[in-house]
Amino acid sequence: MYRYDEFDAAFVRQRTEQFSHQVQRRLSGELTEEQFRPLRLMNGLYLQLHAYMLRVAVPYGTLNSTQMRKLAHIARTYDRGYGHFTTRQNIQYNWPKLKDVPAILEELASVEMHAIQTSGNCIRNVTTDQFAGAAGDEIIDPRPVAEIIRQWSSLHPEFSYLPRKFKIAITGAPQDRAAVKFHDIGLMAATNDAGDVGWRVFVGGGLGRTPMVAKEISDYVPHEYLLPYLEAILRVYNMYGRRDNKYKARIKILVHETGIETIREQVEAEFAEIKEGVLKLPQGELTRITEYFAEPAFEPQTDTKIDIAQFEATDSAYARFLKHNLHPHAKEGYTSVTISLKPIGGVPGDATDSQMEAVADLAEQYSFDELRVSHEQNLVLPHVAIKDVRTVYDALVANKLQEGNAGLISDIIACPGLDYCALANARSIPIAQAISEKFADREEEFGELKLKISGCINACGHHHVGHIGILGVEKKGTELYQITVGGDATEHATVGSILGRGVTAEEVPGALEKLLDRYMAERQSADETFIQAYRRLGDAPFKEALYG
Amino acid sequence: MNAITANELISGAVVYLYETGEFGVDLQKAKLFGADEQDVRDASLEKTLKNPRLVSVEAIAVEVSETGTVWANRLREQIRANGPTVGGFARQTLEGADHVSL
Ligand code: HEM
Ligand code: SF4
C-alpha cells in the first residue's frame, strides 16, 4: 500500500493547521459564513440538515487496519459511533461538531488520511475496482496508476477551479466493477498489438440530471503518456467547459454539445504539445510506485475450493455467504471476501465503530492488512486464504456482518436522502429498508439484481444505472418514487428507462414485487438474470406489470 | 404562518427563533409570524442573517394544530425538527446550553 512521502506528510499537516486556524477565525467571528464556506468545503466539510457532515477520502478505496481503526476511533470519539461508506469509496460522518473538526483532521493525518478535495470543483478521489490487485480476471493492478493520478490531481494549481467537479475511475479488469463509463474520465486497462498494457480512455460519462455513458476518446494510451493525456483532457475541459450554467458545466455536456470527434482533436492537439514534457512518466517512477503495491507474501495452499453444497442443508446462511460474497482471486487457494454493509432492514453503507474495529482485526489477521471499500458501499477483505474463510465468517457473525447478499436485491446502493441531505427531495434509506425486508426470503430466487436509490436527481445513489433504479421526487409536498429499469453500470453501460408515473413510499415494495413476479414468469431459465431478461424483453412487459 | 430557522454554527444543530429573541432547538417555542406580519418576519430574518452564530437561515411555513402543536409543512422541515426517521438518532444538540445566546 502507498505510504506518504515527506511531501505528502508535510502538505497534509500544513493543510490541517491551516484549516484549524480558519475554524478558529470563524468561531471568533473574524470570518463570515460566506468567507468560510468555500474553505470548509475544500476540506470536505458540508452542512447538512441536522449537523455538519465530514467526507473523508479513501484513495481508490484502499485502507489498512490502522486506518480503519482510526476511522472507528473518530466515529466513537467525535461522532455517534458509526460512519457511512459511500459509492465514491469514501466515508462520511454525519454528526461532527465544527469545533472538533480540526482534531478529527489531525487524527486522520496521523494515519495518512485527509478530507481534501472531497468537495468542490476539483478532481475528486479516484475510484477503482474493489478487487484491484486481487481479482482473477485482472489484466493489471490499477492502484499504482490510481496513486499516480492522485498525486498529479492533488492540488493541481491549474485544476482547482474547474467549471464543475471532476471524477475519475479506473479499472484493470475487463469486467468493469468501478462504473468507469459513468465518470468524467473512465480508464480501462487495454492490451495493444504488441502485447503491452496501457489504457483505454473514456470521457464524458456521468449521472445527475443528464445521465450519459462516456465515449471512447482513445483506444490506447501507454502508461508513460497517461498523465499528459489526462492533462490535455482537463485543459480542454477547463477552457471550453460551460461556466455559465451549473447544470451544464460537467464535461459530459461539453462532450455532448461539441461532439467527441472535435473534443478528440482538441485533446490530441494539446497532448501533442505536452506529451514529452514534465508529465511523461519515466518507467523508474512507475516501478517505484508499483513497489508500494507489491503482492503480499502469499503461501501455497492445500485448500483451494469450498464445497458449498455440503452446507446447504446444515447451514444455509453460510452457504449463501459462500455463494455470493466470495470473489475469485488471482492466486490459487485465496479469495476476496465481501463484507456486506447491507443487513436486512439496515442502513446501506453504515458501519459502527466496533464493526470497523472487527473488520480491521480480520484484515490484519487474515488479509495481509488490506481492506477495500467498494462503490457498492460494502467492505472487502481482498486476500483471504480459503482455509480461513470459515473463521472469518464466524467473526463476521459475531459482529452482525455476515449477510450473504452481495449482488442480490438487498445489496442496495442508497444515498442518505432526506433523512440527512440538504439537497434531497425524498427519503432513500427507509425505502431501502422496506425493500430489503419485503424480499428477504426471495432474494435468492431473484438472483443477481442491482437496486439503486437516490433521494434526488443528483443521483448520488446511482439510480440511473440500477437494474432497477428508484428516484425520489417531491410532488405537492409528498414523496413520490420514479422507477427505472434496465440500467447497467458495468462495461455494458446503459442508462435505465423510466417506466411511468411515480408511486408513493408505501407502494414501492409492492410495485417492485409486480416487476419481479413478471421477471420470474418471463425468464427463460433460472440462469437468465433480471437484466438479461430485460434486454431481451424491453420495457413493455414491465410497464404492463406495473401500470396494467 | 412562518417560523425562522437556522443551523447553529458550532454544532450545526437546527434552531428556531423563539418569542424571547433567543434561538433554541424546540419548534414548539418558535415565534410564529402570521400572514399579516410579513414585514416583522422580514425584519427578523434580516437580523438573523447578520448573526454570526447562525447559518442557513430561512423562514419556513408552519401550521398550528387545534391542540396547539406547531407543525412544519414540508417533510424536510419535519425531519429537521424531529431528526432522521431512521436509525433511532436524536437530533444534534447545542454545545452546553439549550439555546444560542446572542
Ligand atoms: C452532503 C451530501 C451530498 C451532497 C451535497 C451531494 C451533492 C451532489 C450533487 C450536487 C451531485 C450532482 C453533480 C452534478 O451532476 O454535477 C452529486 C452527484 C453524485 N454524488 Fe453526491 N452529494 C452528497 C452525498 C453523496 C453521497 C453520500 C454519495 C455516495 C453514496 C455521493 C456520490 C455521488 C455520486 C456517485 C454522484 C453522481 C456521479 C456524478 O455524476 O458526479 N454523494 N452529488
Ligand atoms: S442524490 Fe440527492 S438526496 Fe441523495 S445524497 Fe445526492 S444530493 Fe442528497
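What follows draws every value from the coordinates through simple rules; no lab data is involved. Remember, it's a predicted structure, so these values are computed and weren't measured experimentally. Note: ideal-geometry Cβ built from the backbone for every residue, glycine included; neighbour counts use all protein chains shown.
Before moving on, here are some points about what is shown:
- Those GluC sites (Glu not before Pro) in region B:1-57 that DSSP places in a loop and that have at most 11 other beta carbons within 10 Å: B:GLU19
- Share, in percent, of DSSP beta bridges within region A:134-291 that are antiparallel, nearest 5: 75
- The mean number of Cβ atoms from other chains found within 10 Å of a Cβ in peptide B:7-16 is 6, as a whole number.
- Expected 222 nm ellipticity per residue - DSSP helices of 4 or more, -39500 (n - 2.57), all of the protein assembly as shown, to 500: -10000 deg cm²/dmol
- Site pair A:LYS99 and B:ALA43 shows an inter-label distance of 3.4 nm when each label is modelled 7 Å from Cα along Cα→Cβ.
- B:GLN28-A:ASP303 FRET efficiency (beta carbon distance; Förster radius 60 Å; 0.05 resolution): 0.45
- Spatially proximal lysines relative to B:LYS47 (Cα-Cα < 27 Å; intrachain offsets below 8 disregarded): A:LYS97, A:LYS99, B:LYS29, B:LYS31
- Rg to Rh, two decimals, where region A:196-309 supplies the alpha carbon set and Rh follows Kirkwood: 1.17
- For the protein assembly as shown, a crude dipole built from +1 on the beta carbon of Lys and Arg and -1 on the beta carbon of Asp and Glu, taken about the Cα centre, is about 1500 debye to the nearest 20.
- Principal axis dimensions, region A:1-78 - Cα atoms, whole angstrom, descending: 41, 31, 22
- Among the GluC sites (Glu not before Pro) in region A:319-388, those located in a DSSP loop and surrounded by at most 16 other Cβ atoms within 10 Å of their own Cβ are A:GLU332.
- Per residue, the convex hull volume that the Cα atoms of region A:413-547 enclose (Å³): 95
- Here is the list for region A:184-232: trypsin sites (Lys or Arg not before Pro) lying in DSSP coil, each with at most 15 other C-beta atoms within 10 angstrom of its C-beta, are A:ARG209.
- Mean per-residue shielding of peptide A:85-92 is 0, counting Cβ atoms of other chains within 10 Å of each Cβ.
- Cα-based Lys proximity count in region A:413-547, under 18 Å, for pairs eight or more positions apart or on separate chains: 6
- At q = 0.09, 0.12 Å⁻¹, base-10 log of I(q)/I(0) for the protein assembly as shown (Debye sum, equal scatterers on each alpha carbon): -0.78, -1.38
- For the peptide A:93-101, the mean number of other protein chain Cβ atoms found within 10 angstrom of a residue's Cβ is 4.
- Region A:62-164: relative contact order in percent, alpha carbon pairs under 8 Å with at least 6 residues between: 20
- Highest to lowest packing among A:423-432, A:263-272, scored as the average C-beta count within 10 Å: A:423-432, A:263-272
- Enclosed volume per residue, in Å³, of the convex hull spanned by Cα atoms of chain B: 102
- Relative intensity, log₁₀ I(q)/I(0), of region A:309-398 from a Debye sum that treats every alpha carbon as a point, q = 0.17 Å⁻¹: -0.71
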